[in-house]
Amino acid sequence: MLAVKSMNIRDNFKSWCDEAIKGETIIISRPQNKNVVMISESEYNKLKKAQHNADYLAMLERSRGQLERGEVVIKSMEELENMANE
């Protein structure tokens with residue numbers, strides 16, 4: 001992880017993009033601690049996928065808890081088919 005001033009990013013944008021593509025995380029320091037993180041698109045996609053997976057696992061855990069507490073509705077296959085055809 002590298003910390004760089006925003007002026008340096010402006011002056012050498014291509015070089016910093018190349019560093020991000022190589023896998024480097026770049027913290028762009030700005031006034032009032034309103035910093036920005038620069039990462040490659042592939043790294044961003046990995047983070048988004050991990051977030052999506054964590055959200056999905058949390059939903060499954062909530063569902064499992066509901067099942068264990070008996071907070072379920074039981075439907076027969078015929079009832080489900082009728083609901084689908086409505």
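The values are calculated or read from the model by the stated rules, or taken from the named source; none is laboratory data. None of these values were measured; they are calculated from a predicted model. Positions of Cβ are generated from backbone atoms using ideal geometry, with glycine treated the same way; all protein chains shown enter the neighbour counts. Areas reflect the complete protein model, heavy atoms only, side chains present, ligands, DNA and RNA absent. Shrake-Rupley method; radii C 1.70, N 1.55, O 1.52, S 1.80 Å.
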If you go through segment 23-30 one residue at a time, do you hit one that is outside any loop (DSSP other than H, G, I, E, B) and open to solvent by 70 Å² or more (accessible area, probe 1.4 Å)? no
Looking at 58, 20, which is the one that is touching a Ser or Thr at 6+ places or on another chain (Cβ under 7 Å) and either open to solvent by 100 Å² or more (accessible area, probe 1.4 Å) or of a type in the set (Gly, Ala, Ser) (or both)? 20
Has segment 37-53 got any residue that is part of a loop (DSSP other than H, G, I, E, B) and more than 23 Å from the chain's Cα centre (by Cα)? no
Subset of segment 1-56 (residues that are touching a helix residue (DSSP H, G or I) at 6+ places or on another chain (Cβ under 6 Å) and of a type in the set (Lys, Arg)): 30
List pairs: first residue in segment 64-75 and in a helix (DSSP H, G or I), second residue loosely packed, with under 10 Cβ neighbours inside 10 Å and not aromatic (Phe, Trp, Tyr) anywhere in the structure, Cβ distance under 9 angstrom, at least six positions apart or on different chains. 65/71
